[in-house]
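Shown next, in structure tokens, is the structure this report addresses.
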Amino acid sequence: MFLLDKSANDFAIDFLTKNGYSRKGIDKDFFFRLSNSIDSIAELFGKIYKQSEQANFFFERLILQLAKASRERSSELKERDSKKRKKGIWFLSNELTGMSLYVDRFCGNLKNMNSKLDYLEELGVNFLHLMPLFESPEDESDGGYAVSNFRKVDKRFGSLTELKELRNEMYSKEMYLMLDIVLNHTSHKHEWAEKAKQGDPEYQKYYYMYDNRWIPNQFDATMPDIFPESSPSNFTWVPECHKWVMTVFHNYQWDLNFMNPAVFNEMLDNILFYANLGVDLLRIDAPAFIWKQTGTSSQNLPQAHTLLQLIKQCVEVATPGMALLGEAIVSPKEILKYFGTGEFQAKECDFAYNATHMALQWDMLASGETKVMLAAQHEILKKPFGTSWINYTRCHDDIGLGYDDHMIEIAGKNPFEHRKYLKEYFSGAYPGSPSKGALFSSNPKTGDARISGSLASLCGLEKAVEDNSEEDINLSIQKILLMQGHSFFLGGLPMIFYGDEIGYTNDYTYLNDPGKSYDNRWMHRPVIDWSKMKKRSTPGSIEQKVFDSTKKLISIRKKLEVIKDHKNLIWLSPHNIHVAGYFRYFGDKKFYGIFNFSSETSYLTWYAFKEHHPIPDTLFDHWTEKEFTVGQDNEYLIIEPYGFHLFEPLN
């Protein structure tokens, strides 16, 4: 049972003093933060582990972990923490633009990354997400998300020393670093799993392991299959120890059992290790799955949120400069909970992926209409102040269509038929579709499927190049820029997926790799050809058009303070169902983003601009660099097919 014989604060201070962490031996800011947060930490820890016979032991260990991490945090990182604190909520800034990339596929290894930072600076990227770097078995890596050692950089990428050298070079260029941690599972070749296979009962408790199918069958009765094509089960038989182990994703990824407080302490240690590496934003992979319970889907359970809130409080005490991103790709109502609720609102994850809006952008591109997108905004706009979105058009993952049926129904469409149309459109099966994507993780039982493909290929560039159609090439480039522009100015942190900034189409070389050929998501994870990248300097080339235009979008965003994520987004009424428009405001600054998702010229009444604030006589469009006089000569703003405007009032 979890019981303290005094207040949590007195308990923590006395315990640290007895263990050599006096107020004189550790910085005073740590004790201040600890005193402010220890009651919440004790409350959250007790919610999860109060029934554990070893709860007090692991709580004491947790307190020591926080003090140790704070003491080991370098003076450079503490100074970086201080600078962030002086900025307020540093990550809400309009001056941040991110890129997500696989180091090996981008430039080979970490050592080579140093020489590529100039390329990122040229583009305007100053926030770098390095996809999983830590050790994982080469043919059973799930793109690095099957981790066999949380502290050792995989030799394919280099070494921990080289990662630190890259971090230092990034710091010198005022760049920010984002890395991943996989909380839900380990590789079956992780040290803990190997000991479990050998019959060690302590490490078998680190996972969900069972002698027979009785409990696994109870889980399976209500848990969906995540990858029904390649991994159609939630449990795998382990012949070495004659037990069943939970493997929600792939049979080589063993789910960790957070009901065991030892597991929480171990993974918190890894989180604090990454914080002291100098990570600015830690991406927590698949947090929706970290708590399992029979009779449920074992996704998005309340205990998962309690664990994340506990992690956030611990990070704030020990390593306050690191923010947390919850990679929860779930329904709009569920995703908002990852920012925290009740007394812990805005005290869980600092970021979440704006996955719903990402998918709805693709919905708009295929349908040419904004109705479904607008129906979802009521939920998305509930994001609490002080938290932010990662906004994106593509990432390493597939595009899911998991937004709620009622949002589609509000638009007057049948949910099943509408999703069927989207899947056919983006896989190129629909007549006249220019897209060249593919369906991923098709479930024949439910008809569900997700979509793979690069931004450029889904926007029609691959087909246009094959057809040698200059008109279609230019149209597909316009679609690419429409999608990026719409995402960049919503607020939040825009995250470009590598290759998209220069118009990379699908890369089919993955089909020749047995470790990847079963997973068509690798088609949109290209191996970068740096001779192709040089074409960005060739006037009129596809690469030059996409790169320079993306660079311009980033530059515009950085100039406009109104784009900071101050929960200052209002959607314009749909006077034209093909046009998505939003209004941003901050102090006396105003901004209008207007985006035409139709293949035809669209007309938007100037009245749309007057609904929320009086509109001035003149608007400056940062994109076309032209002034527009409101209402002069005609009553409509005329928008070209897939065109957009980034308006700032001039008076």
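Per residue, what accessible area does the stretch 240-396 have, given a 1.4 Å probe and all protein chains present, in Å²?
Numbers: 3580 Å² over 157 residues.
Accessible surface, normalised per residue, equals 23 Å².
Counting alpha carbon pairs within less than 8 Å and at least 6 residues apart, what relative contact order, in whole percent, applies to the chain? Show your work: numbers first, answer last.
Numbers: 1234 pairs, mean separation 77.3, N = 651.
Dividing the mean separation by the residue count of the chain yields 12 percent.
Listed by chain and number, the aspartates and glutamates whose C-alpha is less than 14 Å from the C-alpha of Lys532, apart from same-chain residues fewer than 8 away, are Asp500, Glu501, Asp507, Glu543. Remark: the Asn149-Ser74 segment gains 24.7 nm on full extension, using 0.36 nm per residue and subtracting the alpha carbon distance.
If R0 equals 41 Å, the separation of the Cβ atoms of Ser599 and Cys241 corresponds to a calculated FRET efficiency of about 0.10.
For the stretch 530-642, the solvent-accessible area with a 1.4 angstrom probe is 49 square angstrom per residue.
If I stretch the segment between Asn56 and Lys6 completely, what's the gain in nm (0.36 nm per residue apart, minus their alpha carbon distance), one decimal? Could the numbers behind the result be given before it?
Details: separation 50, 0.36 × 50 = 18.00 nm, distance 1.27 nm.
Roughly 16.7 nm would be gained on extension.
The heavy atoms of Arg61 offer some 70 square angstrom of accessible surface to a 1.4 angstrom probe. Leaving ligands, DNA and RNA out of it, report the carbon-plus-sulfur percent of the accessible area of the stretch 308-422 at a 1.4 Å probe. On the stretch 308-422, the fraction of accessible area on carbon and sulfur atoms equals 50 percent.
Taking all protein chains together and rolling a 1.4 Å probe, Asp118 ends up with roughly 90 Å² accessible.
Too long at a 25 Å Cα-Cα cut-off: which of Lys479/Lys535; Lys423/Lys567; Lys347/Lys610; Lys18/Lys205; Lys383/Lys558? Provide the component values of the computation, followed by the final result.
Numbers: Lys479/Lys535 21 Å; Lys423/Lys567 33 Å; Lys347/Lys610 36 Å; Lys18/Lys205 31 Å; Lys383/Lys558 23 Å.
In this structure, Lys423/Lys567; Lys347/Lys610; Lys18/Lys205 exceed 25 Å between Cα atoms.
What FRET efficiency comes out for the pair Ile570/Asp405, r = Cβ-Cβ distance, R0 = 22 Å, nearest 0.05? It would help to have the intermediate numbers written out before the result.
Numbers: r = 26 Å, r/R0 = 1.18.
Given R0 = 22 Å and the Cβ-Cβ separation, E is 0.25.
The stretch 420-487 and the stretch 490-542 have Cα centres lying 15 Å from one another.
What accessible area per residue comes out for the stretch 1-137, rounded to a whole number of Å², with a 1.4 Å probe? Walk me through the intermediate numbers first.
Working: 6310 Å² over 137 residues.
Here the per-residue accessible area is 46 Å².
Here the stretch 440-567 is treated with +1 on each Lys and Arg Cβ and -1 on each Asp and Glu Cβ, and its dipole about the Cα centre works out to around 620 debye. If R0 equals 51 Å, the separation of the Cβ atoms of Ile215 and Asp27 corresponds to a calculated FRET efficiency of about 0.60.
Pairs exceeding 30 Å between alpha-carbon atoms, taken from Lys87/Lys551; Lys292/Lys445; Lys312/Lys590: Lys312/Lys590. Helix content alone sets the calculated 222 nm mean residue ellipticity of the chain: runs of n ≥ 4 DSSP H residues at -39500 (n - 2.57) each, divided across all residues, give -11500 deg cm²/dmol.
Modelled this way, with points 7 Å down the Cα-to-C-beta line, the labels at Glu121 and Thr294 are 5.9 nm from one another.
Summing Cβ point charges (Lys, Arg +1; Asp, Glu -1) relative to the Cα centre of the stretch 596-651 gives a dipole of roughly 120 debye.
Inter-label distance, Asn109 to Asn414: 5.7 nm, where each label sits 7 Å from its Cα along the C-beta direction.
Once neighbouring chains are kept in place and the probe is 1.4 Å, which whole percent of the accessible area of the stretch 552-651 is contributed by carbon and sulfur?
Numbers: 2190 of 4700 Å².
Ligands and nucleic acids excluded, carbon and sulfur reach 47 percent.
Semi-axes of the equivalent ellipsoid for the stretch 270-420, computed as √(5λ) from the eigenvalues of its C-alpha gyration tensor and ordered from largest down, come to 30, 17, 14 Å.
With the Cα gyration tensor of the stretch 554-651 giving a ≥ b ≥ c as the square roots of its eigenvalues, does the rule (a/c under 1.5 for rounded; else a/b larger than b/c for prolate; else oblate) give rounded, prolate or oblate?
Details: a/c = 1.44, a/b = 1.34, b/c = 1.07.
It is rounded, given that a/c, with a ≥ b ≥ c, falls under 1.5.
A 1.4 Å probe over all protein chains sorts Phe416, Phe591 by accessible area into Phe416, Phe591, starting with the largest.
Taking a Cβ cut-off of under 15 Å around Ile477, the surrounding Lys, Arg, Asp and Glu residues balance to a net charge of -3, with basic ones at +1 and acidic ones at -1. Annotation for Glu174 and Asp529: the two label points, set 7 Å from Cα along the Cα-Cβ direction, are 3.7 nm apart. A Cβ-based charge dipole, computed about the Cα centre of the chain with Lys and Arg at +1 and Asp and Glu at -1, lands at about 1540 debye.
Quick one: work out the % antiparallel among DSSP beta bridges in the chain, nearest 5.
60 percent
Charge tally around Lys333: other residues with Cβ under 10 Å, Lys/Arg +1 each, Asp/Glu -1 each, net -1.
The values are calculated or read from the model by the stated rules, or taken from the named source; none is laboratory data. Quantities reported herein were computed from a predicted structural model and do not represent experimental measurements. Because the Cβ atoms are built from the backbone with ideal geometry, glycine has one as well, and the counts that use them run over all protein chains shown. Protein only, heavy atoms only, side chains kept; ligands, DNA and RNA dropped before computing areas. Shrake-Rupley method; radii C 1.70, N 1.55, O 1.52, S 1.80 Å.
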